[in-house]
Amino acid sequence: MQIKDFNELRKSPDGLVPAIVQDSSTLKVLMMGYMNEEAYKKSLESGKVTFWSRSRQCIWTKGETSGNFLLLESMSADCDADTILVMARPEGPACHKGTTTCWGEDVPEHRGFIRELEKVIQGRYEQMPEGSYTTSLFRKGTPRMAQKVGEEAVETVIEAMKGDKERLIYEASDLIYHLLVLLTSQGLGIEDLEKELQSRHK
């Protein structure tokens, strides 16, 4: 639910609302903090996620000492209007202990990386940097990109038939990468596949 006014939210007696921060790229839940109206407004104005510290009793912007800012993308309220979901792009670890999330090893570092890879590929498509293999694929056009998907699919099948799991993972990773390149060139992505797969789910 879009937040039109902080005062529309259901707050605790001390004027605070829990704020759950999620990585807008990987969709990992990074941390949880609390916002009052001042922290909410400062987040919107600065573009950096800001909280109210219950222990220090003051406003604090995540990353103001470490440099690991959370760049705000959006904020929305849950169905009861008593919790804020913050979508952000992290500039470094979200946890003060140096881990990506405040749940440490309970959330593997690699989880959600495929979406991060998709964003990198999209960046290559938009900027076309010289010396990039991805750029070279885009420049060769759809026939070459489609051919690479076919080649990697065959290699994946071969390794599966051999029963070599390590090589299967390697070739399947190549397949996924080249498929993402092809999809990006067509203006498509992971979200489009998710929608299609969900529509088939009964």
Can you confirm whether region 9-23 contains a residue that is surrounded by fewer than 16 Cβ atoms within 10 Å (Cβ to Cβ), touching a Ser or Thr at 6+ places or on another chain (Cβ under 8 Å), hydrophobic (A, V, I, L, M, F, W, C) and within 30 Å of GLY123 (Cα to Cα)? yes
Flagged in region 125-153 as in a helix (DSSP H, G or I) and either of a type in the set (Asp, Glu) or touching a residue at least 60 places away in the same chain (Cβ under 8 Å) (or both), in numbering order, are TYR125, GLU126, GLU151, GLU152
Among (1) out of contact with any Gly (no Cβ under 8 Å at 6 or more places or on another chain); (2) outside the structural domain of VAL21 (by TED's automatic domain parsing), THR101 falls short only on (2)
Quick count over region 75-117, residues being surrounded by fewer than 12 Cβ atoms within 10 Å (Cβ to Cβ) and either of a type in the set (Lys, Arg) or modelled with pLDDT of 90 or more (or both), is 3
Scanning region 183-202 for residues that are assigned to a helix (DSSP H, G or I) and within 14 Å of VAL120 (Cα to Cα), the one farthest from the chain's Cα centre (by Cα) turns out to be SER185
When restricted to LEU175, LEU180, the only residue touching a residue at least 60 places away in the same chain (Cβ under 8 Å), assigned to a helix (DSSP H, G or I), under 17 Å from LEU117 (Cβ atoms) and not β-branched (Val, Ile, Thr) is LEU180
Taking region 81-98 and keeping residues more than 16 Å from LYS4 (Cβ to Cβ) and either touching a Lys or Arg at 6+ places or on another chain (Cβ under 7 Å) or aliphatic (A, V, I, L, M) (or both) leaves VAL86, MET87, ALA88, ALA94
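The values are calculated or read from the model by the stated rules, or taken from the named source; none is laboratory data. Predicted model, so just to flag it, every value in this text is computed and none were measured. In this analysis, Cβ positions are derived from the backbone assuming ideal geometry, glycine residues included, and neighbour counts consider all displayed protein chains.
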